[in-house]
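Single-structure report; data block below.
The values are calculated or read from the model by the stated rules, or taken from the named source; none is laboratory data. All of these numbers come straight from a predicted model, not from anything done at the bench. Reconstructed Cβ throughout: ideal geometry from the backbone, glycine too, with neighbour counts over all protein chains shown. These area figures cover heavy atoms from the full protein model, side chains too; ligands, DNA and RNA do not enter into them. Shrake-Rupley method; radii C 1.70, N 1.55, O 1.52, S 1.80 Å.
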Amino acid sequence: MDTVLLEMKEHIATITINRPKALNALSTEVLEDLNTALAQVCATKSIYALIITGAGDKSFVAGADIAEMKDKNVDEAATYGRFGNQIFRRIENFRCPVIAAINGFALGGGCELACACDIRIAADNAVFGQPEVGLGITPGFGGTQRLARLVGAGPAKEMIFTGRNIKADKALAIGLVNSVVPHDELMAAAEKMAANIAKNAPIAVANAKTAINEGLQTNIDAGINIEVKAFSACFATEDQRTGMNAFVNKEKVDAFAN
Ligand code: CAA
């Protein structure tokens, strides 16, 4: 993997998109490397939280690679769009929570990558935007779908139709990010959040993620059924016995089994 760095430490993995000279733009090579890194993290069962960030001080990801895209025909563009979407969907459905640590530009595919993650923490220099219509295209890696689901149709349409960027404080105000922190505290904040997640029962966290994601696709009654399934399945785990016995015995859980 030349364009993506992967670090795995205790229960937390960090994937860094590492193409700073092109502001971490998502070329096919970057997407392929990202896919490979995701597969490695997925196969490492001791990892309970994943952080995705960009290399350098300036950019998370400045979008899909415009130079690579510009000569594509309709079929090639569809193949590229499907590939990006397949990877971002993999992130959305990843078996553990994924935190985007947004360290600068999150434009086009970069904003879409952030939206595919479960939690977004932005540095105070972060800039968000969907500038695609200014390039003569629509967002292509989920921007027309996830952004509206996250912030509502009005703000999403404003961002997508105007192509204008917004700063971190505005992104926080519209609910696009969970929090904004000083740039030099970004990774510490993401790691703290990841550690807070990783100390909990991993199957319970994973079941909760599935229930939220699947529930958002359906009506409330079907959603409640999804929740009952997720909740009751936890009672087949050692972690449920560990967690509840610790509570009634007034003890702390040292570590969950799974
Ligand atoms: N694709 C390819 N190369 C990119 C890129 C991108 N999306 N964004 C930046 N780069 C490259 C630049 O071409 C430049 O390369 P060279 O040094 O070889 O010239 C290098 O990164 C540094 O960029 P700038 O000199 O432009 O840096 P800047 O600080 O002046 O501007 C910026 C920063 C505002 C982010 C500007 O680079 C920019 O507007 N980038 C494009 C953003 C964009 O339009 N993203 C959407 C892409 S389309 C998309 O993502 C479709 C989709 O939904 C899948």
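State, as an integer percentage, the relative contact order of region 4-198 based on alpha-carbon contacts under 8 Å between residues 6 or more apart.
Relative contact order here is 21 percent.
Within region 4-198, what whole-number % of the accessible surface is contributed by carbon and sulfur, with the 1.4 Å probe and all protein chains included in the calculation?
55 percent
Once both labels are modelled 7 Å past Cα along the beta-carbon direction, what's the Gln217-Glu238 spacing in nm?
3.2 nm
GNM on the chain, C-alpha springs below 10 Å: top fluctuator among Gly163, Gly136, Gly243?
Gly136
Using a Gaussian network model of the chain with C-alpha springs under 10 Å, which one of Ala171, Ala204, Ala222 is most mobile by mean-square fluctuation?
Taking springs between Cα atoms under 10 Å, the residue moving most is Ala222.
Which value at 222 nm does the chain reach when only helices count, each DSSP H run of 4 or more adding -39,500 (n - 2.57), with the total divided by all residues and rounded to the nearest 500 deg cm²/dmol?
Rounded to the nearest 500, the figure is -14500 deg cm²/dmol.
Could you compute Rg(Cα) / (2.2 N^0.38 Å) for region 4-198, with N its residue count?
0.94
Bin all alpha-carbon pair distances of region 200-249 at 5 Å intervals from 0 and give each bin's fraction as a whole percent.
4, 22, 26, 19, 14, 9, 5, 1
How much length is gained on full extension from Asp254 to Ala173, taking 0.36 nm per residue of separation minus their Cα-Cα distance?
25.4 nm
So for each of 192-200, 124-132, 97-105 I average, over its residues, the number of other beta carbons within 10 Å; can you give me the resulting order with the highest mean first?
The peptides rank, most packed first, as 97-105, 124-132, 192-200.
Provide Asp254, Asp65, Asp169 ordered by accessible surface of protein heavy atoms (probe 1.4 Å), highest first.
Greatest to least solvent exposure: Asp254, Asp169, Asp65.
Do any trypsin sites (Lys or Arg not before Pro) in region 22-98 lie in a loop, going by DSSP, with at most 11 other beta-carbon atoms within 10 Å of their beta carbon, and if so which?
Counting only loop positions with at most 11 other Cβ atoms within 10 Å, the trypsin sites (Lys or Arg not before Pro) in region 22-98 are Lys45, Lys70.
Using a Gaussian network model of the chain whose springs link C-alpha atoms within less than 10 Å, name the residue from Cys96, Cys115, Cys42 with the highest mean-square fluctuation.
Fluctuation is largest for Cys42.
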